[in-house]
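To start, the structure itself, in structure tokens.
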Amino acid sequence: MRAICLDQNGIQFHPDYQSPVPLSGEVIVDVIAAGICETDLQLAKGYMGFSGVLGHEFVGIATSGPLAGARVVGEINCNCRKCPRCLSGLGNHCVDRTVVGIHRHDGAFADQVAIPQTSMHIVPDSISDDQAVLIEPLAAALQIQQQIEISSVQNAIVLGDGRLANLCAQAISQSVKNIKVVGKHELKLARFRKFGIETIHLNDLIREKDFDLVVDCTGSVTGLPLALQLVKPRGTIVMKTTVAADHVISLAPVVIDEISVVGSRCGPFDLAIELLQADRFDLSGLVTHRFALEEAAKAFEMAVDPSAFKVVFDVMNTTAN
Ligand SMILES: [Zn+2]
Ligand SMILES: [Zn+2]
């Protein structure tokens, strides 16, 4: 099968990669489309030391099991379901987990991917393939309100103007009316204003400790120090993006201002699907560029271009045979 792999030579397209062999409880999914995310870009820079097939945001068709023939998306954490963490409901933190396209598990930038049966969710017909590719990051955005008491937040600011920032801002704006986004790219900031969200260019930002909630979606080591300059005493910083580089920062303000720092990762797929079905999110136009798997290099170049939002590999429609 065709696949895009990361190895010591970087990102490579393989026309003849070995097809995935499903482990017990896994089902082969024929990939329809898969999106490039910031994590893929970080992995390419060495984050997590991953090698293998990239890709964790996807929609496809299950080829066997109870969902055979259905259009599905898959949660990315593959857990053992037996360890104390799994048994206590913390499957996303299973000590023995693999993570699709991120950690010890081949991903979805390929014709096929192996996904645990229990991780799959059916995509209702009313949700398009373009929207379905965004279910994983939308679920991650919705995780914020699973972790903090969003109803007590008076005002919030999202740092970063990229893909996850956009979904996080949309998610938070459903509960918090006073929300701002700060970024560096006029083209990207304009996408937030479409949803009625106020934007500030980084150069114009007044650095005062004014915000109950600061969400760092910068994907950069500069995000956390900036968040500490903006969060109110007793406020909350949610760290939403991972970075390959190390942070060098004084954490004294966390103590002095009694700040809660919350790491936040994967979220509820069921809720993301339910809200999409109810038209509570406008994801139209967010897929801006499409490529065949063969065009891996071009696609990854485009994914860092400010004019791009979600860059997607159209896998099924570009199959050679
Ligand atoms: Zn992702
Ligand atoms: Zn486990």
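All of the numbers you see were taken from the coordinates with simple rules; none came from a lab. The shown structure was predicted, so the numbers you read here are calculated from the model rather than taken from an experiment. Note that we place each Cβ from the backbone using ideal geometry, even for glycine, and neighbour counts take in every protein chain shown.
Between 0 and 90 degrees, rounded to the nearest ten: what's the tilt of helix 163-173 against the longest Cα principal axis of the chain?
Once rounded, the angle reads 60 degrees.
May I ask you to compute the full-extension gain from Tyr47 to Gln277, defined as 0.36 nm times their residue separation minus their alpha-carbon distance, rounded to one decimal in nm?
79.4 nm
Compute the angle between helix 135-147 and the longest alpha-carbon principal axis of the chain, please, reported from 0 to 90 degrees and rounded to the nearest 10.
40 degrees
How high is the relative contact order of the chain, in percent, counting Cα pairs under 8 Å that sit 6 or more residues apart? If you can, show how the numbers build up before the last one.
Details: 696 pairs, mean separation 61.9, N = 321.
Result for the chain is 19 percent.
Would you tally the net charge around Lys82, using a Cβ to Cβ cut-off of less than 12 Å, leaving Lys82 out, and scoring K and R as +1, D and E as -1?
For residues surrounding Lys82, the net value is +2.
For Lys209 and Arg104 in one chain, what is 0.36 nm times their gap in residues minus the Cα-Cα distance, to one decimal in nm?
Numbers: separation 105, 0.36 × 105 = 37.80 nm, distance 4.10 nm.
Full-extension gain reported as 33.7 nm.
Out of all DSSP beta bridges with both ends in the chain, state the antiparallel percent to the nearest 5.
Of the beta bridges lying entirely in the chain, close to 55 percent run antiparallel.
Could you check how many percent of all C-alpha pairs in the range 173-321 are farther apart than 29 Å?
The calculated P(r) of the range 173-321 puts 29 percent of pairs beyond 29 Å.
May I have the count of lysine pairs in the chain with C-alpha atoms under 19 Å apart, counting pairs 8 or more residues apart or located on different chains?
Here the count comes out as 20.
So, R0 is 25 Å and r is the distance between the beta-carbons of Arg193 and Ser250; what FRET efficiency does that work out to, to 0.05? List each step's numbers first, then the result.
Details: r = 35 Å, r/R0 = 1.38.
Computed FRET efficiency for Arg193 and Ser250: 0.15.
So if we plug the beta-carbon distance of His289 and Leu90 into 1/(1 + (r/R0)^6) with R0 = 51 Å, what FRET efficiency do we get, rounded to 0.05?
It comes out at approximately 0.90.
Looking at the range 141-263, send over the antiparallel percent of its DSSP beta bridges, to the nearest 5.
Details: 0 of 22 bridges.
For the range 141-263, the DSSP antiparallel bridge percentage is about 0.
Quick one: among Asp216, Asp161, Asp270, which has the greatest mean-square fluctuation in a GNM of the chain with alpha-carbon springs under 10 angstrom?
Of Asp216, Asp161, Asp270, the Gaussian network model singles out Asp270 as fluctuating most.
Give, as a single signed number, the net charge of other residues whose beta carbon lies under 11 Å from the beta carbon of Ala44, with Lys and Arg counted +1 and Asp and Glu -1.
On the way: positive: Lys45; negative: Asp7, Glu38, Asp40.
Combined, the nearby Lys, Arg, Asp and Glu give -2.
FRET efficiency for His14 and Lys177, Cβ-Cβ distance as r, R0 = 51 Å, nearest 0.05?
So, using R0 = 51 Å, E works out to roughly 0.55.
Express in whole angstrom the spacing between the alpha-carbon centres of the range 142-190 and the range 75-135.
25 Å
Tally Lys and Arg at +1 and Asp and Glu at -1 over the other residues with C-beta under 10 Å from the C-beta of Ala308: what net charge comes out?
Numbers: positive: Arg163, Lys188, Lys310; negative: Glu301, Asp305.
For residues surrounding Ala308, the net value is +1.
Which of Val100, Val248, Val53 moves most in a GNM of the chain, Cα contacts under 10 Å?
Val248
Please work out the Cα center distance from the range 252-321 to the range 1-65, rounded to the nearest Å.
If you average the Cα positions of each part, the centres end up 15 Å apart.
As a check on your grasp of the helix formula, calculate [θ] at 222 nm for the chain: sum -39500 (n - 2.57) over DSSP H runs of n ≥ 4, divide by the residue count, round to the nearest 500.
The per-residue figure over the chain is -6500 deg cm²/dmol.
Taking H as built 1.01 Å from N, whose amide H comes closer than 5 Å to the amide H of Gly235, not counting residues under 5 places away?
Residues meeting the amide H criterion: Ser260.
Rounded to the nearest whole Å³, what is the per residue volume of the convex hull around the Cα atoms of the range 86-237?
166 Å³
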